[in-house]
1. For the stretch 115-148, give me the residue count where each residue is of a type outside the set (Lys, Arg) and touching a residue at least 12 places away in the same chain (Cβ under 8 Å).
2. Please name all residue pairs, on different chains or six or more residues apart, with Cβ atoms under 7 Å, provided the first residue is in the stretch 149-172 and is on the phi > 0 side of the Ramachandran plot and the second residue is crowded, with 17+ Cβ neighbours inside 10 Å and part of a helix (DSSP H, G or I).
3. So the check is Cβ under 8 Å with 6+ separation or different chains; which pairs have a first residue in the stretch 57-75 that's within 21 Å of Ser259 (Cα to Cα) and modelled with pLDDT under 80 and a second one that's not in a loop (DSSP other than H, G, I, E, B) and not polar (S, T, N, Q)?
4. Scan the stretch 122-129 and tell me whether some residue there is farther than 30 Å from Arg201 by Cβ and in a loop (DSSP other than H, G, I, E, B).
5. Can you list the helices (runs of 4 or more DSSP H) lying wholly within the stretch 153-200 that have 1 or more residues being under 15 Å from Met130 (Cα atoms)?
6. Limited to the stretch 50-75, what total is found for residues that are polar (S, T, N, Q), in a helix (DSSP H, G or I) and exposed (fewer than 14 other Cβ atoms within 10 Å of the Cβ)?
7. Is there a residue in the stretch 91-112 that is modelled with pLDDT under 95 and more than 25 Å from the chain's Cα centre (by Cα)?
Amino acid sequence: MTTETVTKETVHVRSSASYVARRRLFSVLKHTALIVASAVMIYPLIWLVVSSFKPNDQIFRDLSIFTTNLTIENYINGWNDLGASFSTFLLNSTVLSVGAIAGNLISCSLAAYAFGRLKFRGRTLLFAIMLATIMLPFQVVLVPQFTIFKELGWLNTFLPLIVPKFLATDAFFVFLMVQFIRALPKEIFEAARIDGAGHFRTYLQITVPLMVPALATTAIFTFIWTWSDFFGPLIYLRIPEMFPVSVALKGFLDSQSSSDFGSMFAMSVVSLVPLFIAFLVGQKYLIKGFATTGIK
């Protein structure tokens, strides 16, 4: 019996060691594949940064990211080559982004509170119609919107790009906040009603503080989408001094003469810095915002 027991224990130990070895091998292979995939995806960004320091005539001659012939001339030229300081375009993008963030936070949270906590006739139908607008292509409403803003005299202003945000036109963020509000304990709202709080006070003093993860997620995504938006400003803005960075970068390309790719790459790197900062600062809020709204 003793010999048989020892034999079984030996087989069990060997089996466990083999299992651990297989798990370690699988972990090594998995992490190696992830590292390779990450390197492939991040290579274009690294190439962009390196190319922004290359002389203009060597950018496409040598596609390697390893080079010793580096210069900051592209950054110096690119900052002032568009007829105005590039800080003007950065400021324009900042104004548009801040306006869009304020609009979405105010209007989408109010609409979400109405759909999530108020009971009124046609609420389900209106909520379904709102969700259906997420699938509506932007090009479908482009001409009617352009006509309305033209009649209002809003062309060549920031109003067409900011005012709609105050009307809860981004249905995705309304849906995100509705899911968050519905996940909050009902007892909190019932206690507020017993204490005599109206809907506005309940929204402002109870709902908004509890919605910080969803609000932060909305602010981060709004900033990224607005900062990167090219089509909207291209349609409504014609004055170069009012261009955001997404449209201003187009000025470095000229189909009639030579294009200044070095300056364009340099200013592209500059314009990406706020996006990286926003993502790094708000990463934990993005994860928490989605995790607490039931969206997987």
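1. Start the filter on the stretch 115-148 by keeping residues that are of a type outside the set (Lys, Arg), which leaves 115-116, 118, 120, 122, 124-148.
Subsequent filtering for residues that are touching a residue at least 12 places away in the same chain (Cβ under 8 Å) retains 115-116, 118, 127, 130-131, 133-134, 138, 142, 145-146.
Result for the stretch 115-148: 12.
2. Asn156/Met242; Ala168/Ser107; Ala168/Cys108; Ala168/Ala111; Ala168/Val174
3. Leu63/Trp47
4. To start, the set of residues in the stretch 122-129 that are farther than 30 Å from Arg201 by Cβ comprises none.
Checking the stretch 122-129: not a single residue is farther than 30 Å from Arg201 by Cβ and in a loop (DSSP other than H, G, I, E, B).
5. Details: elements: 159-162, 171-182, 186-194.
Counting at least 1 such residues, we get 171-182.
6. The first filter runs over the stretch 50-75 and keeps only residues polar (S, T, N, Q), leaving 51-52, 56, 58, 64, 67-69, 71, 74.
Checking the rest, the ones that are also in a helix (DSSP H, G or I) come to 51, 56, 58, 74.
Adding the requirement that they be exposed (fewer than 14 other Cβ atoms within 10 Å of the Cβ) leaves 58.
Total meeting the criteria: 1.
7. no
Quick grid of which residues meet (1) buried (at least 16 other Cβ atoms within 10 Å of the Cβ); (2) more than 30 Å from Leu48 (Cα to Cα); (3) at pLDDT 90 or above; (4) in contact with a Leu (Cβ under 9 Å, 6 or more places away or on another chain):
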site: Ile162; (1), (2), (3), (4): yes, yes, yes, yes
site: Arg182; (1), (2), (3), (4): no, yes, no, no
site: Glu190; (1), (2), (3), (4): no, yes, no, no
site: Ile194; (1), (2), (3), (4): no, yes, no, no
site: Trp225; (1), (2), (3), (4): no, no, yes, no
site: Ser228; (1), (2), (3), (4): no, no, yes, yes
site: Phe243; (1), (2), (3), (4): yes, no, yes, yes
site: Ala248; (1), (2), (3), (4): yes, no, yes, yes
site: Asp260; (1), (2), (3), (4): yes, no, no, yes
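The values are calculated or read from the model by the stated rules, or taken from the named source; none is laboratory data. Just so it is clear, the model here is predicted, and its values are computed rather than measured. Please note: Cβ atoms are built from the backbone with ideal geometry, for glycine as well, and neighbour counts cover all protein chains shown.
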